[in-house]
Amino acid sequence: MTAPAEVDHVVLLDPTGVEVGVAEKLAAHQGEGQLHRAFSVFLFRSDGAMLVHRRSPDKHHFRDLWTNACCSHPRPEESVQDAAARRVREELGIELDPASLQEVGSFVYRARDESSGLVEHEWDHVVLGRTELDPDPDPGEVAAWRWVQPGELRAELTADPDRFTPWFPLAWSVLDDGVEAA
């Protein structure tokens, strides 16, 4: 007999960012969505290129859309940096020291995925990291990936915003002020 799959939990927040409890991850994304902690990792190479990926068609929501290197949720009592390093390893196969990841800002957003009915209502921490490694992604998480220069990415976001997750331009704008135009 196989063990049951582990149920992930997210940290619930009040509108000021104070932790108020936990919920099962899927439950937090149902109905109107419960505000919870999340993160968006941006990985850059030394040549300035940024890693982006297209979400797997197997994802619960916002399938087949392009987004930053990694997005997920810290577990209860897990720091954002530890969670980001864990998920980069699990999703992309890249080992990073959590201490090398820098939080550069945050934002709150809500977005409904019309195809799944699930809702993102997240306090999203934007995290910056550096690597020279190409990913070896989990196909259940990542359908495709590529390195892109920031100037090219800005043009793509302007020309065809519907190819990207709804949180990606918001997270990118938090980070973009500090990124040199390519």
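The values are calculated or read from the model by the stated rules, or taken from the named source; none is laboratory data. Quick caveat, the model's predicted, so the values are computed rather than measured. Here the Cβ is made from the backbone with ideal geometry for all residues, glycine too, and neighbour counts use every protein chain on show.
A few comments on the model shown:
- In the set (1) modelled with pLDDT under 95; (2) assigned to a helix (DSSP H, G or I), E90 fails one condition alone, (1).
- Test: residue in the stretch 42-55 that is exposed (fewer than 14 other Cβ atoms within 10 Å of the Cβ) and over 16 Å from A143 (Cα atoms): yes
- Unique residue being more than 25 Å from P15 (Cα to Cα) and more than 13 Å from the chain's Cα centre (by Cα) when the list is L101, L51, L92: L101
- For the stretch 40-56, filtering for residues that are within 22 Å of W123 (Cβ to Cβ) and either part of a loop (DSSP other than H, G, I, E, B) or touching a helix residue (DSSP H, G or I) at 6+ places or on another chain (Cβ under 8 Å) (or both) leaves 4.
- Consider the stretch 37-48 and keep the residues that are among the charged types (D, E, K, R) and more than 30 Å from T16 (Cβ to Cβ). The one that is farthest from the chain's Cα centre (by Cα) is D47.
- A single member of V18, V41, V11 is in contact (Cβ under 8 Å) with a residue 24 or more places away in the chain and farther than 16 Å from L153 by Cβ, and it is V11.
- Pick from the stretch 117-171, criterion more than 15 Å from the chain's Cα centre (by Cα), outside any strand (DSSP E or B) and β-branched (V, I, T), ranking: surrounded by the most Cβ atoms within 10 Å (Cβ to Cβ): T131
- Restricting A83, A69, A111 to those that are over 19 Å from R163 (Cβ atoms), small (G, A, S), in contact (Cβ under 8 Å) with a residue 12 or more places away in the chain and in contact with a Ser or Thr (Cβ under 9 Å, 6 or more places away or on another chain) reduces the list to A83.
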